[in-house]
1. What FRET efficiency would be calculated for the residue pair residue 292, residue 65, taking the C-beta separation as r and a Förster radius of 60 Å, to the nearest 0.05?
2. Relative to the first principal axis of the alpha-carbon coordinates of the chain, what is the inclination of helix 78-90, with its axis defined by its Cα atoms, in degrees from 0 to 90 and to the nearest 10?
3. To check my understanding: the extent here is largest minus smallest coordinate of the Cα atoms along each principal axis. What are those three numbers for the chain, in Å, largest first?
4. Simple spin-label model, 7 Å along Cα-to-Cβ: residue 348 to residue 364 in nm?
5. With the convex hull built on the Cα atoms of segment 235-301, state its orientation-averaged projected area in nm².
6. Structure shown: which of 178/380; 89/344; 406/426; 165/193 lie over 29 Å apart, alpha-carbon to alpha-carbon?
7. Residue 340 to residue 285: extension gain in nm, 0.36 nm per residue of separation minus the Cα-Cα distance?
8. Which whole-number percent gives the relative contact order of segment 184-329, counting Cα pairs below 8 Å spaced six or more residues apart?
Amino acid sequence: MKRLTLVILTVLVSIGAYAAGQQAEDAKPADAVKPAPTIQIWFSNYDGMSQYAPTFAERFNAASKDLKVEVTVIPGTAVDFENKLNAAKLSGQTPDGAYIVLSSLAPWGVRGEFLVLDDYISSWNERGDFLESALSVGKVGGKYMALGVAPAPINFVYRKDMFVKAGLDPSKPPKNWKELREYAEKLTIKDAKGNIVQAGMDMPTTDFFLNISEPLMLMNGAMVVDEVNGKPMLTDPAVIETLEYMYGYARDNLSLPNDWQKKETMAFMNGNSAMAFLMVDNVKALVKNRPELDGQILYGPPLSNKQTSAFCGYRLLTIMKSSKNAEATWEVMKAFMSVEETRKRMEIGIVPIRKSLGNEFVTLNPAVNKVVVDTAAVGKGAFAVPWVNTLYKYWAPAFESVMQGKVKPAEAMKSAQEQILAELPK
């Protein structure tokens, strides 16, 4: 009898324990089982990302239950962004993904900071709708390390009203080097002492990142950098000839001294120049500050000499190698590049990287967008070599000394070439 009583008590205790455990399990809130992972994406503050990126996150989070995204827009330049990323790396707090400029890709990619995306891209069923240039621009050492999501062409722009006053037809902008020089001469206005009142052309005297110098050199058939063999080519006769052409604008007082990276120094941005090379965002900022110029700034097709060329940077999306949620980050990237999100970005002026949206983009603003697309099509951005910052370091002072008339182009480029080679790995 005692044994039977003990068995009954044991069963009752077990049943009670199970019931209590089940009650505790039932009491847990449903969403406490496993929180949705949050993917962190950092954005360089270009292309209107300070406005667009937060709204993208809102739309993504509203539509997704299993995955969330948190965006951070880093103010300042590309260098500021890299400094912030370096600091995060040292503290072990790098984001899962980053929206970077093209000049950051090769140096960081060579160091292995970005995840190789080959497997993701090869199995991506929407790959065929993307411009091949948008995909290939993200390669480092033959491997995909980023996706080009925003072409950033530098366009030839000019003042319609100044053309008319000079007796030039604004529907016929210059098409090549020869015409550009001729137009600049006709558009330049000087006072009785020979001081420039209105510059014909903004030719930079400081051009740290080669934003204007590079396309002009490429127009002249120069290689500038041998990306295959990883060597600078600054002593190329076509490079020297280009610098002589550029210096002619400063020497003959057709352009005022300016730093292309500091737009406030450009006569065009201050209303005192007829022609310049600018990005769409620069023109928008100018018209916003000076509404009377609305309709007076026109876009011309890309220029040529021996060939047609332009500068076209790219913003790219990457996955950091340190990310613990690479698969989830890829899902966020695909959402960012969806037709719907690409369309929203093109509505704020970003050239679409999806082929299916090309015509739609042009129809949004035919007078501007057709030229922007044509410029992007022949454009090249920063050279894809890991030592690109070394190139900039020695190019910048050499170029500036040429434009100030202190040193002959051949001498300046010979010195810069030797200094760059001295720092490259043997």
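Derivation of every value follows stated rules applied to the coordinates shown; laboratory data play no part. All figures in this text were calculated on a predicted structure; none of them were measured in a lab. Every residue, glycine among them, receives a Cβ derived from its backbone with ideal geometry; neighbour counts consider all protein chains shown.
1. With R0 = 60 Å, the Cβ-Cβ based efficiency is 0.75.
2. 30
3. For the chain, the Cα spread along each principal axis is 125, 53, 38 Å.
4. Spacing of the two 7 Å Cα→Cβ label points: 1.1 nm.
5. Answer in nm², one decimal: 5.7.
6. From the list (178/380; 89/344; 406/426; 165/193), the Cα-Cα distance tops 29 Å for 89/344; 406/426.
7. 17.2 nm
8. Working: 183 pairs, mean separation 41.7, N = 146.
About 29 percent, as a whole number.
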